[in-house]
């Protein structure tokens, strides 16, 4: 049988596929993780991971073990948190983060409603940058983040969609698109599109800034920006264009950026994100408060 430390080491390495990041998440040394995994593999009798000098991957047996163990471990964690919350009530401090000014306003409103409902629970609000969303959640630095959903990252849960907004394309004022009433997704084949930080899941980046247009034409990738303001600055400097939500036109009005509506792009969706194994009563209560706020529920 696993002990708790062995189980955490295996599940974390299965999600990170990197010994260094696994050690950082669990606050132990890399050698400790290597020793723990080696001990587990000796007990199982087959490798749980395939290792090379460049990459770490789950073996077939390791993947099967992860898929069977992770749901059970998550349920154990949630059950324990529920027991603690039932005994203590919804108290303590909830760490909440947001991406962008509009999300900050929504999060502040939900925090006020949360305090009205649960006076014993404090909510601390922080701004996160684009590339910090997944690391902050995985490291437990915050309990939840209000950001674009879904976020296809292992162990991260997306709550209900709270807000939908139209997509627009941020371009510099002298760009040919700046004089148009609208653009299409296929128009992206003729321009350089700036990229999101590499710390975001690849599937999320591909959905936000696709490598190809709907007709299959390739989209040229420009430099990556670490923050939204950095990306807009790169747009203004003529280094590329970038898809944004319609709220950017109100909250990020700049003389060096023009926002042009898409006529065929699906809306961007916003919601709360949290770790699957950290869905405490506080997190669930805050998610309900945010949902009620935007749906005008009492």
Checklist outcome for this item: When restricted to 33, 37, the only residue out of contact with any strand residue (DSSP E or B) (no Cβ under 7 Å at 6 or more places or on another chain), surrounded by 16 or more Cβ atoms within 10 Å (Cβ to Cβ) and over 17 Å from residue 272 (Cβ atoms) is 33
Next on the checklist: modelled with pLDDT of 90 or more, in contact with a strand residue (DSSP E or B) (Cβ under 9 Å, 6 or more places away or on another chain) and within 21 Å of residue 292 (Cβ to Cβ): is that true of residue 113 in this structure?
Outcome noted: no
Checklist entry - For segment 95-139, how many residues are in contact with a helix residue (DSSP H, G or I) (Cβ under 7 Å, 6 or more places away or on another chain) and in a loop (DSSP other than H, G, I, E, B)? => result 4
Item to check | Total residues in segment 274-292, condition touching a strand residue (DSSP E or B) at 6+ places or on another chain (Cβ under 8 Å) and in a helix (DSSP H, G or I) | outcome: 8
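The values are calculated or read from the model by the stated rules, or taken from the named source; none is laboratory data. This is a predicted model, so every value here is computed, not measured. Note: ideal-geometry Cβ built from the backbone for every residue, glycine included; neighbour counts use all protein chains shown.
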